[in-house]
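I have placed the structure first, in the form of C-alpha cells, so that the comments after it can refer back to it.
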Amino acid sequence: MPDENYLYFGDTKNMPYGEKTEAQLIEFADKIFKFFERMEANAVVMACNTTSAVTYEKLKDNYNFKIYPIIQSVCSTLASLDGVTKLGIIATPATINSHSYSKEIAKYNKDMQVFELAAPYWVRIVEEHRINRPQSIMQVEEILDIMKGFEPEKIVLACTHYPYLMSILKKFMPEDIFIDPAVYFAQNIKDNLTKSCLLNNKFEYEKFYVSSDPENFKTASEMFYKLNALPEIINL
C-alpha cells in the first residue's frame with residue numbers, strides 16, 4: 001500500500017511484550033491506541049501477535065478507528081491451507097498461553113491439529129543482534145527439536161521477530177515449511193480497506209515514534225525498513 005500515510009509506534013521501553021502480564025499489556029495497548037486516536041488515525045494495525053492474543057477482544061470497541069489484529073485476521077487463511085492437517089505455531093509465551101491461534105483456527109477448521117510452542121529467547125536474539133552467535137543457534141535448534149516431534153506440515157512464525165531468524169531456522173528444517181503470517185495479514189488489510197473505501201490514494205507522510213532509545217530502533221529497523229531520520233520519542 002505505497003499510497004498510505006503511516007504512523008508507526010514502537011514501544012521500545014516495554015519490549016519484549018511476550019514476557020509481560022495481561023494487565024500490563026492492556027495498559028500499554030490502551031495508551032498506544034489513545035495516542036493514535038489523538039493523531040487521527042483511521043485504521044490501526046496491531047502487528048504484534050502478543051497484543052492481538054491478549055488485548056484485542058478487551059479493547060477493540062473502545063476507539064474511533066478500525067483495528068486489524070494479526071491473529072484474528074490470518075487464522076481463516078491458515079485454517080484452509082491446502083493439504084495441511086498438522087500446523088505448528090511458534091510464538092512468545094504470552095501468545096502461547098492465550099491459545100489464541102488454536103482457538104481461532106478451530107472456528108474455521110475443527111479437524112486441523114495445532115501444536116503451540118513458546119520460544120522465550122527468540123525475540124531477544126533478534127533485538128540484541130545476536131543471530132549468528134553459537135548460543136543463539138542452539139536456542140533456536142532446541143525449540144525446533146521439540147516441534148519436530150509433532151511432525152508439522154507447516155510452522156507459523158507467530159511473532160514479528162521470528163522471520164528474521166530464517167538464516168538459522170533453515171539449517172534445521174526446510175525453509176518452505178515456515179510461514180510468515182504477515183504476508184497474509186497485509187493482503188487482508190488491503191482487501192478490507194479497499195472494501196471499506198478507506199484506502200488512501202496519495203502518499204503524503206510517514207512518521208515514526210518510539211518510547212525510548214531511538215538510535216537503537218533506527219539501527220534495528222534496518223532489517224525491514226530504512227529510516228531517513230531518528231524516530232521521535234513519545235512518553236505515553
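The values are calculated or read from the model by the stated rules, or taken from the named source; none is laboratory data. Since we're looking at a predicted model, the values are computed, not measured. No Cβ is skipped: glycine too gets one built from the backbone with ideal geometry, and neighbour counts run over all protein chains shown.
One line per residue, one yes/no per condition, for (1) farther than 20 Å from T50 by Cα; (2) in contact with a helix residue (DSSP H, G or I) (Cβ under 9 Å, 6 or more places away or on another chain); (3) small (G, A, S); (4) assigned by TED's automatic domain parsing to the domain that holds A47:
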position	(1), (2), (3), (4)
A79	no, yes, yes, no
T95	no, yes, no, no
D111	yes, no, no, no
E116	no, yes, no, no
V126	no, yes, no, no
K148	yes, yes, no, no
H161	no, yes, no, no
F172	yes, yes, no, no
I179	no, yes, no, no
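A quick yes/no check of all residues on (1) surrounded by 12 or more Cβ atoms within 10 Å (Cβ to Cβ); (2) out of contact with any Asp or Glu (no Cβ under 8 Å at 6 or more places or on another chain); (3) modelled with pLDDT under 95:
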position	(1), (2), (3)
I131	yes, yes, yes
V156	yes, yes, no
M173	yes, yes, no
F208	yes, no, no
Quick one: which helices (runs of 4 or more DSSP H) lie wholly within the stretch 118-236 and hold at least 1 residues that are closer than 20 Å to C75 by Cα, free of Cβ contacts under 8 Å to residues at least 12 places away in the same chain and over 16 Å from the mean Cα position of the chain (by Cα)? 181-195
It is to be established whether one or more residues within the stretch 58-76 are farther than 21 Å from P181 by Cα, touching a Leu at 6+ places or on another chain (Cβ under 7 Å) and of a type in the set (K, R). no
What residue, among those in the stretch 99-117 that are in contact (Cβ under 8 Å) with a residue 24 or more places away in the chain and touching a strand residue (DSSP E or B) at 6+ places or on another chain (Cβ under 7 Å), is nearest to N216 (Cα to Cα)? L117
Taking the criterion of being touching a helix residue (DSSP H, G or I) at 6+ places or on another chain (Cβ under 9 Å), surrounded by 18 or more Cβ atoms within 10 Å (Cβ to Cβ) and at pLDDT 95 or above, would at least one residue in the stretch 214-228 satisfy it? no
Just for helices (runs of 4 or more DSSP H) wholly inside the stretch 6-73: which have at least 3 residues that are buried (at least 16 other Cβ atoms within 10 Å of the Cβ) and without any contact (Cβ under 8 Å) to a residue 40 or more places away in the chain? 22-38
Is it the case, given these coordinates, that S100 is closer than 19 Å to K154 by Cβ, crowded, with 16+ Cβ neighbours inside 10 Å, hydroxyl-bearing (S, T, Y) and assigned by TED's automatic domain parsing to the domain that holds K171? yes
